[in-house]
1. Does D64 qualify as being within 17 Å of the chain's Cα centre (by Cα) and surrounded by fewer than 19 Cβ atoms within 10 Å (Cβ to Cβ)?
2. Name, by its number, the condition in (1) polar (S, T, N, Q); (2) assigned to a loop (DSSP other than H, G, I, E, B); (3) loosely packed, with under 13 Cβ neighbours inside 10 Å that does not hold for T150.
3. When only residues in the stretch 69-86 that are of a type outside the set (S, T, N, Q) and loosely packed, with under 15 Cβ neighbours inside 10 Å count, which is nearest to G134 (Cα to Cα)?
4. Kindly indicate whether G144 is assigned to a helix (DSSP H, G or I) and either in contact with a Leu (Cβ under 6 Å, 6 or more places away or on another chain) or surrounded by fewer than 15 Cβ atoms within 10 Å (Cβ to Cβ) (or both).
5. Looking only at the stretch 99-122, filter to residues that are part of a helix (DSSP H, G or I) and more than 11 Å from the chain's Cα centre (by Cα); which one of those is surrounded by the most Cβ atoms within 10 Å (Cβ to Cβ)?
6. Checking the condition modelled with pLDDT of 90 or more and touching a helix residue (DSSP H, G or I) at 6+ places or on another chain (Cβ under 6 Å), which residue from A115, A121 passes?
Amino acid sequence: MTTMRTPLAFIAASALLLLTGCTGGGSPSTASETSDAPSSTPTAVAETESAETTAPEGGQSKDDACQIIITSFTDVSQASSDIATSDPETAIATFKTLADKVETDFAQITNAEVAPLAQEASTQLQEYVTFLDGVLADPNTASGLGDQITALQDSFTQAGTACQG
């Protein structure tokens, strides 16, 4: 079962990389809320902050949507760091649970800008777990691991980028 340890190690590393890429910077409104320095263009800052922190009429704000993503990424990262790669069956079961959690968390995102990206990230994570389950059943299928990691990272990076800018 040595073949399975490498993919599971990649999973844990990927989750951490995805978290770093998605939460590397604070949201613009967080940065302006923590700064005590006066802005040279208070109107522009107020308009930008208002557009990002307040929900469109009847909708979810971008900040609220991004907070769901950040919280979910943090939970996944923390849980994935505790996975023992020496027990592939348990590791896969844990990742299935984490993928289901992300799917449930991201289903709460209704912001028009963030929701499609969050749903794509959730779908990619589910596909990744399905792929890993297949590798567990047949280690000869592990050759597609790089493509799976790339697709997963790309989708999570896109969701994270939407929340950073």
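1. yes
2. (2)
3. A84
4. The answer is yes for G144.
5. Looking at the filtered set, the residue picked out is A115.
6. The conditions single out A121.
The values are calculated or read from the model by the stated rules, or taken from the named source; none is laboratory data. Note that the structure is predicted; figures quoted are calculated from it, not measured. Methodologically, a virtual Cβ is constructed for each residue, glycine included, from the backbone with ideal geometry; neighbour enumeration extends over all protein chains shown.
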